[in-house]
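A short worksheet on the structure shown next.
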Amino acid sequence: MTQPLEYGNGDATYQAAGQQVGIRKLVDCFFDIMASDPKYATIYDWHPGDKEMARDKLALFLCGWMGGPKPFIEKYGPIRIPEVHKHLDVTAVERDLWLDCMARALAEQDYPPDLVEYLLQQLYIPAERVRQACMGQ
Ligand code: HEM
């Protein structure tokens with residue numbers, strides 16, 4: 001009997017999140033919420049320019065992060081998430097704003113609740129590493 005693949009196993013998360021198209025939709029929603037609610041103004045304004053590049057980079061990065069193909073590396077080259085944030089002042093406040101905004105975007109997708117819960121748990125890990133890098137820890 002075949003068992004369903006668990007999230008984190010192979011590309012199961014990537015598939016469940018709707019592959020590149022679904023992930024871009026999630027990221028668009030994430031940035032739309034960040035732009036529209038003033039409580040996220042600090043972290044939104046930290047992103048340079050018209051945010052199209054930020055949307056593209058986060059969406060392509062998350063494809064590989066979810067176990068799928070790695071379009072970020074193909075297009076932009078290797079990346080280390082904590083390091084690329086080091087010039088920002090990410091404290092626990094900004095980390096939690098980022099995660100809160102992502103939680104709202106995830107809630108707007110047609111995702112099963114266990115996928116949402118899994119992604120939020122997993123995203124805390126790089127978000128906390130970003131905070132540590134920014135705080136010089
Ligand atoms: C902890 C809270 C976070 C905040 C406040 C934050 C904010 C930002 C900002 C402002 C930028 C643009 C930096 C610049 O171009 O000067 C950026 C870039 C980026 N962030 Fe975050 N971020 C956070 C967490 C994360 C996490 C958890 C991930 C991935 C799981 C991520 C993925 C990326 C990627 C892929 C880029 C593009 C880097 C590049 O330019 O190559 N970020 N982030």
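Read-outs throughout are calculated quantities, based only on the coordinates presented, and are distinct from any laboratory measurement. Here the structure is a predicted model, which is why all the values come from computation and not from measurement. Reconstructed Cβ throughout: ideal geometry from the backbone, glycine too, with neighbour counts over all protein chains shown.
What the table below lists for this structure:
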item	result
Hull-based mean projected area of region 1-128, where the convex hull spans the alpha carbons, in square nanometres	8.2 nm²
Average Cα contact separation per residue, the chain, under 8 Å, 6 or more apart, as relative contact order %	30 percent
Folded to 0 to 90 degrees: helix 52-65 orientation relative to the chain principal axis, Cα	40 degrees
Distance-filtered residues of region 99-121 - backbone nitrogen under 17 Å, label point 7 angstrom along GLU6 Cα→Cβ	114-121
Förster radius 25 Å - calculated FRET efficiency between MET135 and ASP28, Cβ distance, rounded to 0.05	0.25
Mean separation of Cα contacts under 8 Å (6+ apart) over length of region 88-137, as relative contact order %	65 percent
Computed [θ] at 222 nm, deg cm²/dmol, the chain (DSSP H ≥ 4; -39,500 (n - 2.57); rounded to nearest 500)	-20500 deg cm²/dmol
C-alpha long axis of helix 92-107 to longest principal axis of the chain, angle in °	40 degrees
